[in-house]
1. Right, B:Leu244: farther than 12 Å from B:Cys73 by Cα, aliphatic (A, V, I, L, M) and under 20 Å from the mean Cα position of the chain (by Cα) or not?
2. Kindly indicate whether B:Asp278 is of a type in the set (Asp, Glu), in the same structural domain as B:Ser18 (by TED's automatic domain parsing) and out of contact with any His (no Cβ under 6 Å at 6 or more places or on another chain).
3. What pairs come out if I take residues in region B:223-251 that are assigned by TED's automatic domain parsing to the domain that holds B:Gly200 and pair them with residues that are surrounded by fewer than 15 Cβ atoms within 10 Å (Cβ to Cβ) and acidic (Asp, Glu) whose C-beta lies under 9 Å away, six or more apart or interchain?
4. Sort through A:Arg97, A:Arg106 and tell me the only one that's touching a residue at least 12 places away in the same chain (Cβ under 8 Å), within 14 Å of chain B (Cβ to nearest Cβ) and basic (Lys, Arg).
5. So is B:Val206 surrounded by 23 or more Cβ atoms within 10 Å (Cβ to Cβ), over 19 Å from B:Val58 (Cα atoms) and either charged (D, E, K, R) or within 21 Å of the chain's Cα centre (by Cα) (or both) or not?
6. Does region A:58-74 include one or more residues that are of a type in the set (A, V, I, L, M), surrounded by fewer than 19 Cβ atoms within 10 Å (Cβ to Cβ) and without any contact (Cβ under 8 Å) to a residue 40 or more places away in the chain?
7. Name the single residue that is nearest to B:Cys17 (Cα to Cα) among those in region B:255-291 being in contact with a Phe, Trp or Tyr (Cβ under 8 Å, 6 or more places away or on another chain) and among the hydroxyl-bearing types (Ser, Thr, Tyr).
2 protein chains.
Amino acid sequence: MRATIMLEVGSDIAEKCSAAAGIPVDVKNPDGADIQIGMREFVPTPDLKLVQTVSAGVDHINFRNFPDRVVFCSNAGAFSDSVAQHAFALILSSTNRICRFSSEIRSGTYRKDLVHTLYGETLGILGYGGIGQSCARIARSLGMKVLAYTRSRKNDGFVDRYADSPEDIMSDSSVVIIALPLTSATRNFVDRRLLKKFHGSIIVNVARADIVAREDMLEFLRENPGMLFLSDVWWNEPDIELPLPENSVVTPHVAGISQESMSTALMRACGNVRKYLDGKPEHVVNIKEYL
Amino acid sequence: MRATIMLEVGSDIAEKCSAAAGIPVDVKNPDGADIQIGMREFVPTPDLKLVQTVSAGVDHINFRNFPDRVVFCSNAGAFSDSVAQHAFALILSSTNRICRFSSEIRSGTYRKDLVHTLYGETLGILGYGGIGQSCARIARSLGMKVLAYTRSRKNDGFVDRYADSPEDIMSDSSVVIIALPLTSATRNFVDRRLLKKFHGSIIVNVARADIVAREDMLEFLRENPGMLFLSDVWWNEPDIELPLPENSVVTPHVAGISQESMSTALMRACGNVRKYLDGKPEHVVNIKEYL
C-alpha cells in the first residue's frame, strides 16, 4: 500500500505523514497510489481505494467522477477549535464594537458607547458537530446558555437544552451560529420561514454560504437593520456582489486557516488513514447525502 | 439608617436598591445619609459611615478628603465577566484580523491571509482577581494554557500554573492580560525591565493605563513592530496623544459598560450594603494601598 499527498508539501512533511499513516507516503504521485490525501484535487486512478480529505467538509468534491468502490473519509472536526475561535472573533468584535472604537480613537474621536454583554444570553447552534461543540464550550465560558439542534445528540455537558426543531433555535436564541455541513438536505436550510422566527441580535455563518438562502437573508437584513449577519462565507465567493449589507461583517473564508491548524489537520488526516488500514476508518462519507 | 445613590437613577431603581440593601434608599440626597452608593462622586458629610462603589476599582477616589471612620467598600468582581469578554474581543479581533478583512471585502478586495489560532498557546494573567479568573475560564475554552501571577492563589481549576514572578509570566506566555488593580504598588508595574522578558505576540490592558509605564511601552512598541498592544485604557484618557502606535488597538474605556452589567453591578453593590449592615461587608478597601 502507498499513499500520496495531493498538496505542495516538503519531503519532511511527507515523512511525518508516513509515520502517522504507517505506510509509505509521497507527494503528488497519484499513479499507482492506493490512497490520496488532499484538499480538493483528487484523481480517479484505477488503483484508488481511499480518498482522505484534509479539509473538514467534502461538499466541494465531485463524487460522480469516482467509481463506487472508492471510500471517502472527511476530516470532520479537524478545524473545529479554530473555526469556533473565528466565530467568536466575529461575534465579540461586534458586541464590543472593536473596529469602530479603534478607528474612531485613531482618528481623534474618543466616544464611549455601551457594549453588549453576552453573559446570561442564549446561543443557538444549528448543527452540533465538532465546530458546534467547540462553540458551545466557548459560549459557556462567556456565561451564555447553549441551545443546539442536531441529528445526533451528545452528552458533553456544554448543551443546556437540545431543540426539537430549527425553528426553536431561531425563536429562543439571541445569537445563532450556523455550523451545519452543506449537503443536499441543508442547501438553503436557513430560509425566509426560519429567519422570520428570529428575534435576537446576531446570526453567524462559519459553515458554507449556500446553507443560507441568499435572497431571503438579504431581504431579512434590509427589513431588520438592527440585526447583524456575521459570515466567514459569502455566496459565489470570491466573486462577491457589492455593496454588502450595512448590517453584515464578512471575512474571506479564513476560519480555521492558520499555520498551526493546517499542520495539525494534515497529521489528523494521516492518522485516519492508519485507522482505515486497521479496518476502523472514522468520518466515512455517506456519498448519497451529497448527490 | 438611610442610604443614597449618588447617580442619576429613577425611583424604580432606588426601590429595587432599597429591597436589596434592606434600608430606605433615595437618590442624590447625601445630607444626613449614613451610606453613599455611587461611581466617583462622594461627599464627606458628618453622618457618612460607608461609601459603597458601583465601580469595581476605587483608584479614582481621593481618600484623603474623608475622615478615618468612613469605611470604603469596592464592588470588586462586579464587571469581571464583561471586562473579560472585552479582553477577548480585543484579542480575537486581532488574531482573526476581523477589522482588516471586513473593510477589505467591503471595498472590493477579497484577500485571504492566515489567522492565528490560540489553541495550545499560553495566556499569562497579571493579577488574578475576578477579571483574571473570568479571562482564565475563556482562555481554557479556547484551548489555551493559563499561567497566573497573584498574591492570593485560588484553586478554581482554570490555572495550569501559578508563576513565581511577573517576569515568569512575561517570558512564558504568548498572550499577556493585565488585570491588576491600580494601587501605589502597581503604578508603572509593567515597565521596560518586564517588557524585555516578553517574546510573545499580544499584551492586553483591561485595567488602568498607569499600571503600564508609558514611555517604556511606547519604546517597546516601536522596537517590536510585530507585537501588539491591545488596550481599553490609555494614559491621560480622554485626552489621548496622537498618533497612536501602529501596532496598538485602543478602545475608549468601555470594557464592562453595558446596560446589563450596570444594573447587575448596582444591585450587587446594594447587596454588599446589606452585608455591611449585617456586620460582614465584602471588598473592604485597604486605604493605605492607595495613599
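1. Against the criterion (farther than 12 Å from B:Cys73 by Cα, aliphatic (A, V, I, L, M) and under 20 Å from the mean Cα position of the chain (by Cα)), B:Leu244 does not qualify.
2. Yes.
3. Once the first residue is assigned by TED's automatic domain parsing to the domain that holds B:Gly200 and sits in region B:223-251, its partners that are surrounded by fewer than 15 Cβ atoms within 10 Å (Cβ to Cβ) and acidic (Asp, Glu) give B:Pro225/B:Glu246; B:Trp234/B:Glu241; B:Trp235/B:Glu241.
4. Step by step, each of A:Arg97, A:Arg106 is checked, and only A:Arg97 is touching a residue at least 12 places away in the same chain (Cβ under 8 Å), within 14 Å of chain B (Cβ to nearest Cβ) and basic (Lys, Arg).
5. no
6. From region A:58-74, those of a type in the set (A, V, I, L, M) are A:58, A:61, A:70-71; that's our starting set.
Adding the requirement that they be surrounded by fewer than 19 Cβ atoms within 10 Å (Cβ to Cβ) leaves A:70-71.
Imposing the further condition that a residue be without any contact (Cβ under 8 Å) to a residue 40 or more places away in the chain reduces the set to A:70.
There is at least one residue in region A:58-74 that is of a type in the set (A, V, I, L, M), surrounded by fewer than 19 Cβ atoms within 10 Å (Cβ to Cβ) and without any contact (Cβ under 8 Å) to a residue 40 or more places away in the chain.
7. Once the filter is applied, the top-ranked residue is B:Ser261.
Here's the yes/no breakdown for (1) more than 14 Å from chain A (Cβ to nearest Cβ); (2) closer than 30 Å to B:Thr117 by Cβ; (3) part of a loop (DSSP other than H, G, I, E, B):
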site: B:Leu194; (1), (2), (3): yes, yes, no
site: B:Ala207; (1), (2), (3): yes, yes, yes
site: B:Asp210; (1), (2), (3): yes, no, no
site: B:Pro238; (1), (2), (3): no, no, yes
site: B:Val254; (1), (2), (3): no, yes, yes
site: B:Arg268; (1), (2), (3): no, no, no
site: B:Gly271; (1), (2), (3): yes, no, no
site: B:Lys275; (1), (2), (3): yes, no, no
site: B:Gly279; (1), (2), (3): yes, no, yes
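The values are calculated or read from the model by the stated rules, or taken from the named source; none is laboratory data. Computed from a predicted model, the values in this text were never measured in an experiment. Cβ coordinates were reconstructed from backbone atoms using ideal geometry, including for glycine residues, and neighbour counts include every protein chain displayed.
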